[in-house]
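**Q** Provided herewith is a single structure, encoded as structure tokens, for subsequent inquiry.
Readers should treat all values here as calculations from the given coordinates under stated rules, not as data from a laboratory. It should be emphasised that the depicted structure is a prediction, and the values quoted were computed from it without experimental measurement. Here the Cβ positions follow ideal geometry from the backbone for every residue, glycine too, while neighbour counts run over all protein chains shown.
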Amino acid sequence: MLTRARLKEKAKPFARRIRGVAQVYRLGIVYLLAHGPMEVHEITDGVGLAENLVSHHLKQMYMSGWVLKTRKGRVVTYRLNEKAFFEFNRLFEDTPFHKDVLSKYLK
């Protein structure tokens, strides 16, 4: 078990990352991108928001590491950053929950 100070230091980077998706529309965008890379207009159609709002959410998700983007000319395509999901799992790696539960699903 960690001391309070060490626990806070361990959790801090994950708390920053979670803020990037801790919103209903952003979780909806994660769901859409789990089906494959998409352009902004496709995401806009899926979540039902104006393009500028989707762009704002994608910017926050990009800055917090949840999505990656590829630009070809004026077209920007977004996709999930697989690494972000695996890094979040690291928060639990030294716990019985990870050993007994999560590891069964991560094989």
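**Q** Among G73, G48, G36, determine the one that fluctuates most according to a GNM of the chain built with springs between C-alpha atoms less than 10 Å apart.
**A** G73
**Q** Sticking with this structure for a sec: On a full-extension model of 0.36 nm per residue, what is the gain between R6 and R79, subtracting their alpha-carbon distance, rounded to one decimal in nm? It would help to have the intermediate numbers written out before the result.
**A** Working: separation 73, 0.36 × 73 = 26.28 nm, distance 3.30 nm.
Roughly 23.0 nm would be gained on extension.
**Q** What is the fewest-to-most order of E93, E87 by other Cβ atoms lying within 10 Å of their Cβ?
**A** In order of increasing Cβ crowding within 10 Å: E93, E87.
**Q** Go ahead and set up a Gaussian network model of the chain, Cα springs under 10 Å, then flag whichever of R19, R74, R90 fluctuates most.
**A** Greatest mean-square fluctuation among the candidates belongs to R74.
**Q** Compute the angle between helix 4-19 and the longest alpha-carbon principal axis of the chain, please, reported from 0 to 90 degrees and rounded to the nearest 10.
**A** 20
**Q** Additional query: Grab the alpha carbons of region 15-105, take their convex hull, and tell me the volume per residue in Å³.
**A** Hull volume normalised by residue count: 100 Å³.
**Q** Near H98, within a Cβ-to-Cβ distance under 12 Å, what is the net charge of the other residues, with Lys and Arg +1 and Asp and Glu -1?
**A** 0
**Q** In nm, to one decimal, how far is the modelled label at S103 from the one at R16, with both set 7 Å along Cα→Cβ?
**A** 3.0
**Q** Using only the alpha-carbon atoms, how far is helix 24-33 inclined from the longest principal axis of the chain? Give it as 0 to 90 degrees, nearest 10.
**A** 80
**Q** Could you pull out the pairs from K8/K83; K10/K83; K12/K83; K59/K99 whose alpha carbons sit more than 26 Å apart here?
**A** Long pairs (Cα-Cα over 26 Å): K59/K99.
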